[in-house]
Amino acid sequence: MIVLSKDAFTKECESKNTSRFDIGKKASLTGILINTFLAIFKIALGLVFGAISVVGDGINNLFDGVSSVVTLIGFKISQKPADSDHPYGHGRFEYISAMIVAVFILFAGYELAKVSFSKILTEEKTLVSSLVLIILAISVMVKFFLFMFYKIVAKKISSSALFAASKDSLYDVVTTVLILFALILERAFGWRLDGVGGLLVSLFILKGGAGIIKETVDTLMGMAGSEEMRKDIENFIQRNEKVLGIHDLLIHDYGPENCFASVHVEFDHRESAMECHHIIDTIERECLDTLNVHLVIHHDPIVTDDKETIRLQRLISHILKIYSENLSMHDLRIEKTDCEVKFIFDVDIPDSLSGEKSDISQFVNEKLKERNSCYVAYITYDPV
């Protein structure tokens with residue numbers, strides 16, 4: 001089994017011939033090896049010297065090794081190509097593996113809390129050996145290295161599973177420092193802090209595991225893309241001088257390096273359909289090459305030379321701004337009948353106003369009817 005140093009691994013990550021799976025595989029194998037050795041030493045020493053917090057820390061490292069196995073399997077499955085049952089690929093399995101890692105973290109925290117509480121209730125004393133303190137100090141340094149190692153690799157290959165592993169390693173650094181500090185105090189002053197230290201460590205582990213699960217569930221449920229990603233896509237599209245505006249940008253994350261997005265792009269209605277199609281096709285290809293985003297663009301023709309349409313659009317925009325500066329409209333369509341003039345349009349509505357849709361519709365219709373009793377607004381609300 002080959003374990004790369006941090007510098008060597010960084011160079012490996014930068015190699016164009018190294019696949020994402022190969023990088024993730026080596027990182028996982030490194031974690032399996034390091035955590036297995038730490039678990040063996042800590043559990044053995046903890047049992048010999050009766051230090052329950054050290055045994056718990058060793059069990060935590062053992063679960064970290066198992067988590068690395070899960071991460072490795074996650075990398076393997078996530079690399080499977082798209083098929084008829086999974087047309088967007090299998091990249092999200094990596095998020096599932098991150099959640100499994102978090103479950104292991106929670107289980108380790110629970111078990112440590114249970115044995116630590118039992119230790120608090122007993123009168124059993126801990127024999128604090130210098131060897132135990134030395135091993136724990138070495139463990140702190142090793143786990144901090146693993147934290148930095150995972151963090152660097154996770155950033156380079158955009159791996160949520162390795163980000164989870166890096167956080168777990170950081171938690172291990174903190175927990176082992178707490179255990180080390182408690183044992184030093186117990187040795188120096190005779191205070192029975194082994195169980196208390198283990199209990200504090202378990203609470204820290206449980207909090208960290210719960211945080212990882214929340215982040216992973218948010219991703220699997222379909223979070224909006226990051227603000228940075230949204231700005232990148234918007235700026236990329238608006239570089240073309242024929243683009244008048246964009247709206248309804250939706251980003252779908254199907255795993256690292258497997259991002260899809262859809263957006264409505266506005267063009268002057270006088271532009272030919274063939275020319276707009278050519279522009280859209282070019283933007284979609286370049287977006288994939290530049291941003292690694294599979295972009296699908298919907299063409300929205302905009303009337304720019306009809307004074308009455310422009311006047312009515314400005315009127316509706318003005319009414320919306322009276323209600324709230326955070327409201328904006330797009331996709332205005334006007335349909336006239338014998339008794340009504342229908343204004344059909346979309347409104348971008350922030351989360352803070354999502355509960356006021358009926359109030360907004362009523363307000364807009366009242367203001368329109370003050371201008372003309374035939375005016376009626378039909379509004380579709382788009383979250384922003």
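Summary table
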item: Contour minus Cα-Cα distance for M274 and F189 (0.36 nm per residue); result: 22.3 nm
item: Segment 231-289: trypsin sites (Lys or Arg not before Pro) in DSSP loop, at most 11 other beta carbons within 10 Å; result: R239, R270
item: Other-chain or far-sequence residues with amide H under 5 Å of H294's (modelled H); result: C259, F260, A261
item: I40 - accessible surface, heavy atoms, 1.4 Å probe, Å² rounded to 10; result: 100
item: Percentage relative contact order, segment 25-78, counting C-alpha pairs under 8 Å, at least six apart; result: 45
item: Total charge dipole magnitude, the chain, about the Cα centre, Cβ charges on Lys, Arg, Asp, Glu only, Debye to nearest 20; result: 1780
item: K119 accessible area, 1.4 Å probe, all protein chains in place, Å² to nearest 10; result: 20
item: Given charges at Cβ of Lys, Arg, Asp, Glu: the chain dipole, positive-most of L250, S166, L332; result: S166
item: Computed magnitude of the charge dipole of segment 278-384 (debye, nearest 20; Cβ of K, R +1, Cβ of D, E -1); result: 520
item: Reach of K26 by Cα under 26 Å, taken over lysines that are not fewer than 8 positions away in the same chain; result: K6, K11, K16, K42, K76, K80, K143, K151, K155, K156, K167
item: Largest-first ordering by accessible area, 1.4 Å probe, given options Y375, Y254; result: Y254, Y375
item: Among [x] 41; [y] 12; [z] 21, the entry derived from the coordinates for percent of Cα pairs over 39 Å apart; result: [x]
item: I349 long-range amide H proximity, modeled H, under 5 Å; result: D382, V384
item: Cα-centre dipole for segment 181-315 with unit charges at Cβ (Lys and Arg positive, Asp and Glu negative), debye to 20; result: 860
item: Hypothetical label at H299: residues of segment 249-292 whose amide nitrogen lies under 12 Å (7 Å Cα-Cβ projection); result: 265-282
item: Exposure of M229 as accessible area (Å², to 10), given a probe of 1.4 Å and all protein chains; result: 50
item: Residue among H264, L203, S226 farthest towards the positive dipole end of segment 203-266, charges placed on Cβ; result: L203
item: Two-site FRET efficiency, M221 against F181, from Cβ-Cβ distance with R₀ of 56 Å, rounded to 0.05; result: 0.90
item: Helical segments meeting 27 Å axial Cα length and Kyte-Doolittle -1.0 threshold in the chain (DSSP H); result: 20-49, 52-78, 93-121, 130-157, 160-189, 194-220
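The values are calculated or read from the model by the stated rules, or taken from the named source; none is laboratory data. As the structure is a prediction and not an experimental result, all values here were calculated from the model. Cβ coordinates were reconstructed from backbone atoms using ideal geometry, including for glycine residues, and neighbour counts include every protein chain displayed. The protein model used for the area step is the full one, side chains on, heavy atoms only, and it has no ligands, DNA or RNA in it. Shrake-Rupley method; radii C 1.70, N 1.55, O 1.52, S 1.80 Å.
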